[in-house]
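These notes are about the structure you will find just below.
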Amino acid sequence: MIDRIREIARYRGVLTELVRRDLRVRYEDTWLGYFWAVFEPLLMTLVYFVVFTIVGRFGIENYALYLILGLLPWMWFVQSISAGTKSLTARAGLLSKIYVPREIAPLSVVASKAVEYAVSIPVAILFIVITGQSPSWFVAAVPLAWLLQLMFVTGAVLMLSAANMLVRDVERVLRVITRAMFYGTPILYSLQSALDGLPAYVTWLYWINPMTGILELHHAAFYPDMFAGWGIVATSTGISTLFFVLGWVVFTRLEPLVLKEL
């Protein structure tokens, strides 16, 4: 794995160019261009805020801020998984013509979505200023959440992109799974309320979902009283690390089969 990472580092110019191309293609035909990286999460927050303050009434103070703190990293996750799974098929022409480490295709998607997430952070800052919500010391743990999500997404995308190259049903099944995960991840509601209100045979699903602990750190930065404990973060750390390592191993093992499909 270390040797592969070193090889990819030698092709970092190609990786950078693919990231620029991904961002340019995504926004070049739109009127607002790169501003969509800001407006999209803003509009999604507005929709969920209107719906769930009327219907859900979760009783969370400054609910719009709580939503945006969860939606931004979630969008980074789901967009990375969706585009990353198709990255090898989308780059098949390039990968079959010139030699570059094949991991560059899925990694370029992860990097471009991370850039989009970074560009959208001012939306969260805007909500913080508007609501006047004070940060807690947990804000220092947000970089840990970023690192865990980067590891988890990288490993997942490496595995899924290789698997999808061999079995094209993967991306279709994944759409269903990510939609279910949205409601099974504490974005619209607090984790503690779910753990208190659901039976044990359901709550274990939160523990095996690495996004649970990641979002707990994001929310705890401004809602420390809702923090469900470091146990869930430790579990997310272990699962994210496992995905990161397995992603490289699985991709390397499947690469000979993937090459035959390019």
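The values are calculated or read from the model by the stated rules, or taken from the named source; none is laboratory data. Everything quoted here is computed from the prediction, not taken from an experiment. As a convention, Cβ positions derive from the backbone with ideal geometry for all residues, glycine included, and neighbour counts pool all protein chains shown.
Among the criteria (1) at pLDDT 95 or above; (2) over 30 Å from ILE60 (Cα atoms), the one HIS218 does not fulfil is (2). Within region 225-235, not a single residue is over 28 Å from TRP137 (Cα atoms), in a helix (DSSP H, G or I) and of a type in the set (D, E, K, R).
Taken as a whole, the structure places GLU103 among residues that are acidic (Asp, Glu), more than 17 Å from VAL25 (Cβ to Cβ) and out of contact with any strand residue (DSSP E or B) (no Cβ under 7 Å at 6 or more places or on another chain). Does ILE5 qualify as being modelled with pLDDT of 85 or more, closer than 27 Å to THR154 by Cβ, assigned to a helix (DSSP H, G or I) and of a type in the set (Val, Ile, Thr)? Considered against the rule, which asks whether it is modelled with pLDDT of 85 or more, closer than 27 Å to THR154 by Cβ, assigned to a helix (DSSP H, G or I) and of a type in the set (Val, Ile, Thr), ILE5 comes out as no.
Residues in region 92-109 that are touching a residue at least 60 places away in the same chain (Cβ under 8 Å) and either assigned to a loop (DSSP other than H, G, I, E, B) or among the β-branched types (Val, Ile, Thr) (or both): VAL100, PRO101, ARG102, GLU103, ILE104, VAL109.
Run down LEU174, LEU94, LEU148, LEU158 and say which single residue is under 17 Å from the mean Cα position of the chain (by Cα) and under 20 Å from LEU259 (Cα atoms). If you could, list the steps in order and put the result at the bottom.
On the way: LEU174 fails: under 20 Å from LEU259 (Cα atoms); LEU94 fails: under 17 Å from the mean Cα position of the chain (by Cα); LEU148 fails: under 20 Å from LEU259 (Cα atoms).
From the options LEU174, LEU94, LEU148, LEU158, the qualifying one is LEU158.
The residue pairs whose first member lies in region 173-193 and is under 15 Å from LEU71 (Cβ atoms), whose second member is outside any helix (DSSP H, G or I) and small (Gly, Ala, Ser), and whose beta carbons are closer than 9 Å, counting only pairs six or more residues apart or on different chains, are PRO186/ALA228; LEU188/GLY56; TYR189/GLY56; SER190/ALA228. Against the test of being out of contact with any Leu (no Cβ under 8 Å at 6 or more places or on another chain), β-branched (Val, Ile, Thr) and farther than 24 Å from MET151 by Cβ, the options VAL176, VAL249 yield a single qualifying residue, VAL176. Going through (1) in contact with a helix residue (DSSP H, G or I) (Cβ under 6 Å, 6 or more places away or on another chain); (2) among the small types (Gly, Ala, Ser); (3) farther than 30 Å from GLY93 by Cα one by one, GLY197 falls short only on (1).
Scan region 88-100 for residues that are surrounded by fewer than 23 Cβ atoms within 10 Å (Cβ to Cβ) and either charged (D, E, K, R) or modelled with pLDDT of 85 or more (or both) and jot them down. If you could, list the steps in order and put the result at the bottom.
First pass over region 88-100, keeping only residues surrounded by fewer than 23 Cβ atoms within 10 Å (Cβ to Cβ): 89-100.
Correct list: THR89, ARG91, LYS97.
Does region 113-126 contain at least one residue that is at pLDDT 90 or above, among the polar types (S, T, N, Q) and buried (at least 20 other Cβ atoms within 10 Å of the Cβ)? Among the residues of region 113-126, not one is at pLDDT 90 or above, among the polar types (S, T, N, Q) and buried (at least 20 other Cβ atoms within 10 Å of the Cβ), which makes the answer no.
Of all residues in region 188-233, which are of a type in the set (D, E, K, R) and under 24 Å from GLY132 (Cα atoms)?
Of everything in region 188-233, those that are of a type in the set (D, E, K, R) and under 24 Å from GLY132 (Cα atoms) turn out to be GLU216, ASP225.
In a loop (DSSP other than H, G, I, E, B) and either of a type in the set (D, E, K, R) or touching a Phe, Trp or Tyr at 6+ places or on another chain (Cβ under 8 Å) (or both): is that true of GLU61 in this structure? Yes, satisfied. The set of residues in region 101-120 being under 28 Å from GLU61 (Cβ atoms) and more than 14 Å from the chain's Cα centre (by Cα) consists of VAL119 alone.
Of all residues assigned to region 162-176, none qualifies as being at pLDDT below 90, more than 30 Å from ALA92 (Cβ to Cβ) and part of a loop (DSSP other than H, G, I, E, B).
Touching a residue at least 24 places away in the same chain (Cβ under 8 Å), within 20 Å of PHE244 (Cβ to Cβ) and hydroxyl-bearing (Ser, Thr, Tyr): is that true of SER112 in this structure? Judged against the criteria, SER112 is a match.
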